[in-house]
Every structure is written in structure tokens, then in C-alpha cells.
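What follows is one structure encoded as C-alpha cells, with my remarks underneath.
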Amino acid sequence: MEESVHQSIRFGSVTDLIMWKNRRGGFLLLGSTTLLWFLFEKCGYSFFPFVVNTQLLLVVILFLWAKSAILFNRPMPQLPNLEISEASVFLVADTLRVWINTALAVAREIYVGRNAKQLFRVSVVLWTVSFVGNFLNFLTILYLGVVLSLLIPILYERYQDHIDEKLSLTHRVIQTQYRKIDERLLQKIIAKPTNKIKKMQ
């Protein structure tokens, strides 16, 4: 039996957010990222002054609220005890360690193993990122990432059969083109060093 997207992601509240089970959180995330993107990209705000000024405003409001609560016999502002747990730090560090080790393993395979196919794949990915980066800045890419993470899972859940069909067709076309490139170019690149070694012997 095929699992739904919601069952396969299994990240609890994050899954509820990106699958729009938590509508309020989804709209809040989309609205806040849109507002931040508009402020930084269109209005020309700088990131660090914005963060510092927001914190300054928050501290001043809380201080004035606490002072007015004493003067007018009102309850003090209820602030949650915000702290980062040790488990969450270890989880993030472990995830980063896996990503970094994967990248280092790929680099080692290219450099030490002289894997031309892996070099080709990495070059295509890096060139694509560079090409997209020419048209979009980092903040816009992050904003598009948030928007797409909120749109793609729900669209995939709704039109899964059609999307799977198109993806399998696209995958077959890409595999065919890759095999052609592999036969015409990569195999020749791999074969050249071995021929030189034979001549030297």
C-alpha cells in the first residue's frame, strides 16, 4: 500500500505545517516570509539593523509593559521560558555532520577515485546553482524555497498519479541523454589515462 506524503514525511508539527493541516501556522509562515522578503528585497532594509531594531523595540515594549503593570496593578507580561534543548542541538549537529561527510565523500570519490561520472554530476548541479544565482539573490531563493515547500507537497498529494507519470517520463529522458553523454564523452575521458599508462609501460 502506498503511503501518502503526510505519512512519509513524519516530522510531526512540520508535516502539519507544510501539508496545511495547521492552516493558521501555514498562513503565518507564508505571510511572515512574504513580509520579510518584501522588506529586505523591495524596501532595501538591511538584515542586521532590522533584527537589532526589532529586538530593541521588543525590549522597550516589554519594559514599559512591566512598568505600567506595576503602576496600574495589572498582571505582568507572561513570557515563556525559551531555551534550546541539548537534544535539539545534537540533532542539528548530527544532521549537519551527515551532510558534510556526504559532501566530503563525493569530493574524495572525484579526487582520489578519479570518478568522471561523479565529476560530471557535481559539475551540472553546481553550474545549475550558479546559473540560477545569476538571476536570483540568496534571499529570493530562500523565499522561493519556503513557498515551494508549502505548495509542492499539497499539490503532489492532490495530483500524485499525474505527477508520478510525468516524473517517470522525465527521468527516462534524462537517463537516455545521460547514457549518450556517457558513451560519447565520459568513456573517452576515462579511457585516455589508461592508454597513457599502457604506453608508458
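Please sort by residue number the chymotrypsin sites (Phe, Trp or Tyr not before Pro) in segment 116-174 whose DSSP state is loop and whose Cβ has at most 15 other Cβ atoms within 10 Å.
Qualifying residues, ordered by number: TYR159.
To the nearest 0.05, how large is the calculated FRET efficiency for LEU62 and ARG23 if R₀ is 35 Å and r is the Cβ-Cβ distance? Present the calculation step by step, with values, prior to reporting the outcome.
Details: r = 29 Å, r/R0 = 0.84.
The formula returns an efficiency of 0.75 here.
Keeping all protein chains in place, calculate the accessible area per residue for segment 71-171 (probe 1.4 angstrom), answer in Å².
In whole numbers, segment 71-171 has 86 Å² accessible per residue.
Just subtract the alpha-carbon distance of VAL147 and ASN73 from 0.36 nm times their residue separation and send over the number in nm, one decimal.
Additional length available on full extension: 22.2 nm.
Calculate the translational D of segment 28-156 in whole µm² s⁻¹ from Stokes-Einstein, where the hydrodynamic radius comes from the Kirkwood formula applied to all Cα pairs, the temperature is 20 °C and the viscosity 1.002 mPa s.
Details: Rh = 19.9 Å.
Calculated translational D: 108 µm²/s.
Just subtract the alpha-carbon distance of LEU126 and SER168 from 0.36 nm times their residue separation and send over the number in nm, one decimal.
12.7 nm
The values are calculated or read from the model by the stated rules, or taken from the named source; none is laboratory data. Keep in mind that what you see is a predicted model, and the values were worked out from it rather than measured. Using ideal geometry, Cβ is built from the backbone for each residue, glycine included, and neighbour counts are taken over all protein chains shown. Ligands, DNA and RNA are excluded from the accessible area calculation, which covers all protein heavy atoms including side chains. Shrake-Rupley method; radii C 1.70, N 1.55, O 1.52, S 1.80 Å.
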